[in-house]
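Down below is the structure, laid out as structure tokens.
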Amino acid sequence: MSAPVVRIRGLVRRFTLKGVLNGVDLDIAPGEFVALLGRSGSGKSTLLRAIADLDHEAQGSGEIYVPQRLSVVFQDARLLPWKRLLDNVIFGLEAPDARERGRRALEEVGLAGREQSWPYELSGGEQQRVALARSLVREPELLLADEPFGALDALTRIKMHALVQRLSAIHNPAVLLVTHDVDEAIKLADRIVVLDDGAIVADIAADLPEDPIAHLERTAEIRALLLGHLGVREAEAVD
Amino acid sequence: MTVRSAEILRPPFPIAPNPLAKNSREEQAPSFVAEFPSTQLLVRGTRRLGMGDAVSYGWLLGPALLLVYWSLGSATGFIDGRILPAPWVAVTTGVDLIEQGRLQQHLLVSLLRAAQGIAFGTVAGVLVALLSGLSLLGGYIFDGIIQVKRAVPALALIPFFILWFGIGEVMKVTVVTLGVFIPIYIHTHNALRSIDIKHVELAETMGIRYSQFIRHVVLPGALPGFLLGLRFGVMGAWLGLVVVEQFNTTSGIGYMINLARNYAQADVMLVGLVLYAVFGLLSDRLVRSIESRSLTWRRTLAQ
């Protein structure tokens with residue numbers, strides 16, 4: 001296995017608004033898609049913000065090694081309302097061919113020809129696709145995503161899942177996807193990490209076989225395992 | 001309760017025919033449509049809370065109504081000409097003054113003072129707002145001083161300004177500049193401090209330089225606030241002009257009014273007032289048109 005792109009040792013965060021971390025160790029390999037599952041307040045957003053170095057006020061200790069080229073996708077698209085789509089995509093991108101790359105990135109997310117639209121003209125799902133284009137145009141080694149599909153409707157979410165799968169196969173960044181959706185995690189990730197009370201309680205390979213029957217069985221198995229760690233009984237989950 | 005149509009009909013349930021029971025419904029469909037013409041099928045009549053489309057020059061309506069009221073009052077004698085001369089008196093007096101060459105001379109001087117004050121006040125207001133709005137130390141230093149200035153009326157400062165700057169143009173332009181500076185500072189500072197933390201975080205994750213952060217996030221984000229400040233600032237310039245041209249001047253619209261007061265020339269005073277009003281209104285329209293051109297990215301009630 002090659003050297004990890006993310007290496008976290010003994011990460012402690014206290015007195016943050018969203019939750020605490022009580023000593024987290026985590027490695028992420030290049031190109032690996034890791035889903036970070038946890039209940040509300042489990043500290044999963046705190047961990048992501050620590051990795052993104054956005055937690056200026058937090059107190060704590062520990063080591064975090066992350067690559068220089070890092071992008072974040074938030075739950076809200078966070079487009080700058082005063083910039084047209086193309087300018088939003090290439091915001092902060094310093095490259096001679098930035099506009100051309102931005103155009104291609106918009107094309108990749110299915111928004112070719114919308115370069116000159118304003119953010120307010122887009123639906124929530126379209127805005128989130130622009131945010132995805134903006135993060136990928138930088139060719140990040142690590143993509144951090146904080147519940148990026150949380151605000152989308154179920155149908156849009158399915159389309160976004162497919163888009164993320166396709167694009168992460170093309171660009172192949174390491175991905176850390178924060179989510180509370182077990183099925184989303186199984187569907188997208190190579191590996192699923194469960195966080196509870198600021199500590200990692202499970203680290204499961206989401207290795208789904210090709211064979212459709214075995215695929216379903218393994219999915220159900222992982223699902224039950226994850227729900228157990230999240231404190232949900234299967235009967236409750238089936239509803 | 002507000003209803004849009006007098007004849008609102010509520011169709012009995014089910015409103016939509018069941019697609020599964022297609023055959024049996026097909027025969028009923030025509031009578032259903034006949035009973036409820038398509039224009040009345042949508043009966044909820046959501047009340048539009050927005051304002052609809054703007055009318056060009058609609059902003060002239062209020063001032064025009066005021067002018068009509070004034071004209072009618074003067075023509076019927078309801079408004080005594082000795083108390084307030086008729087609008088056409090302002091026009092004929094204005095023409096006389098122009099023929100004598102006095103009006104344009106005073107107007108030019110006043111406009112120059114206003115333009116200088118607006119230019120200096122805007123630049124200073126934005127610069128100090130940036131220093132004060134984007135750094136804690138800057139805020140601690142400048143904000144208090146500016147609140148002190150706000151509390152002291154310009155009228156009370158003028159004697160000191162005369163001591164410091166003399167009675168020439170410098171003193172006058174300084175007073176006008178302060179009248180512009182204060183509102184621009186207040187609104188720009190407020191807009192800077194209200195920039196969405198989410199946009200700041202985004203910029204942080206991009207790893208951009210501070211100058212780029214200012215250019216792409218801070219300045220456009222604070223633009224609506226600045227433009228509001230500019231509207232107040234432009235009005236502040238005219239107010240400053242009225243005040244300062246009462247002191248030790250030999251030119252300007254304010255001087256003209258002052259002189260006319262000494263000779264009880266109500267018509268000349270009126271010309272001065274009308275000019276202030278017209279220029280105030282026009283400059284406000286100018287700033288608003290800049291506003292609507294530069295803020296096309298916004299969707300608000302008025303658009």
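In debye, nearest 20: dipole of the protein assembly as shown around its Cα centre with unit charges on the Cβ of K, R (+) and D, E (-)?
1840 debye
Say a paramagnetic label sat at a point 7 Å from the Cα of B:Arg299, along Cα to Cβ; which residues of segment B:223-263 have their backbone N under 11 Å from it?
Inside the label zone: nothing.
When A:Ser123, B:Ser294 are ordered from fewest to most other Cβ atoms inside 10 Å of their Cβ, what list results?
A:Ser123, B:Ser294
When the chain is fully extended, how far beyond the present Cα-Cα distance does B:Ile214 get from B:Leu112, taking 0.36 nm per residue of separation?
Contour length minus the Cα-Cα distance gives 33.5 nm.
So if each residue of separation counts as 0.36 nm, and I subtract the Cα-Cα distance between B:Phe160 and B:Arg193, what length gain in nm does that give?
Result for the pair: 8.6 nm of gain on full extension.
Could you grab the relative contact order for segment A:82-175? Cα pairs under 8 Å, six or more apart, rounded to a whole percent.
Value for segment A:82-175: 30 percent.
Towards the positive end of the charge dipole of segment B:85-171, with charges on Cβ (+1 Lys, Arg; -1 Asp, Glu), say which of B:Leu127, B:Ala86, B:Val170 has the farthest Cα.
Of the listed residues, the answer is B:Leu127.
Which angle between 0 and 90 degrees, to the nearest 10, do you get for helix A:154-171 versus the longest principal axis of chain A when only C-alpha atoms count?
For A:154-171 against chain A, the angle is about 80 degrees.
Find the centroid of the Cα atoms in segment B:218-290 and in segment A:37-64, then give the distance between the two in whole Å.
About 55 Å separates the Cα centre of segment B:218-290 from the one of segment A:37-64.
Rounded to the nearest 5, what is the percent of antiparallel bridges among the DSSP beta bridges in the protein assembly as shown?
50 percent
Label points 7 Å out from Cα along the Cβ direction at A:Tyr65 and B:Thr46: separation in nm?
Once both label points are built, they end up 5.5 nm from each other.
Is there a quick way to get the dipole size of segment A:114-176? I mean about its Cα centre, with the Cβ of Lys and Arg at +1 and of Asp and Glu at -1; what is the value in debye to the nearest 20?
160 debye
Past 29 Å, Cα to Cα, is the threshold; run A:Lys83/B:Lys149; A:Lys83/B:Lys172; A:Lys83/A:Lys159; B:Lys149/B:Lys198; A:Lys44/B:Lys198 against it and keep the listed order.
Checking Cα-Cα distances, A:Lys83/B:Lys149; A:Lys83/B:Lys172; B:Lys149/B:Lys198 exceed 29 Å.
Between segment A:3-32 and segment A:135-173, how many Å separate their Cα centres?
With segment A:3-32 and segment A:135-173 each reduced to a Cα centre, they are spaced 21 Å.
Please report B:Ile141, B:Ile186 as a ranked list, fewest other C-beta atoms within 10 angstrom at the top and most at the bottom.
Listed from fewest to most nearby Cβ atoms, that is B:Ile141, B:Ile186.
With 10 angstrom as the radius, rank B:Leu157, A:Leu176 by how many other C-beta atoms surround their C-beta, starting from the fewest.
B:Leu157, A:Leu176
Which of B:Phe161, B:Gly179, B:Leu282 sits farthest toward the positive end of the charge dipole of segment B:101-294, with +1 on the Cβ of Lys and Arg and -1 on the Cβ of Asp and Glu?
The one lying farthest along the dipole's positive direction is B:Leu282.
Which one of B:Ser71, A:Ser61, B:Gly233 is farthest out on the positive end of the charge dipole of the protein assembly as shown, using unit charges on Cβ (Lys, Arg +1; Asp, Glu -1) and the Cα centre as origin?
Of the options given, the answer is B:Ser71.
Out of all DSSP beta bridges in chain A, what portion is antiparallel? Express it as a percent rounded to 5.
Roughly 50 percent of the beta bridges in chain A run antiparallel, per DSSP.
May I ask for the angle, rounded to the nearest 10°, between helix A:98-108 and the longest principal axis of chain A, with both axes built from Cα atoms and the value confined to 0 to 90°?
The answer is roughly 60 degrees.
Along the Cα→Cβ direction, 7 angstrom out, place labels at A:Ala205 and A:Ile158. What is the inter-label distance in nm?
Going by the 7 Å Cα→Cβ label model, 3.1 nm.
Please label the shape of the protein assembly as shown as rounded, prolate or oblate, based on the square roots a ≥ b ≥ c of the eigenvalues of the alpha-carbon gyration tensor (a/c under 1.5 means rounded; beyond that, a/b larger than b/c means prolate, else oblate).
oblate
What Kirkwood hydrodynamic radius do you get for segment B:101-294 when you take the inverse of the mean 1/r over all pairs of distinct Cα atoms, in Å?
18.1 Å
Between segment A:70-111 and segment B:52-88, what's the alpha-carbon centroid distance in Å?
53 Å
Output the 0 to 90 degree angle, nearest 10, between the alpha-carbon long axis of helix A:124-136 and the longest principal axis computed from the alpha carbons of chain A.
That helix lies at roughly 90 degrees to the long axis.
Read the figures in this text as sums done on the coordinates, not as results from a lab. Only a predicted model underlies this, so the values are computations on that prediction, with no experimental measurement involved. We place every Cβ from the backbone using ideal geometry, glycine too, and count neighbours over all the protein chains shown.
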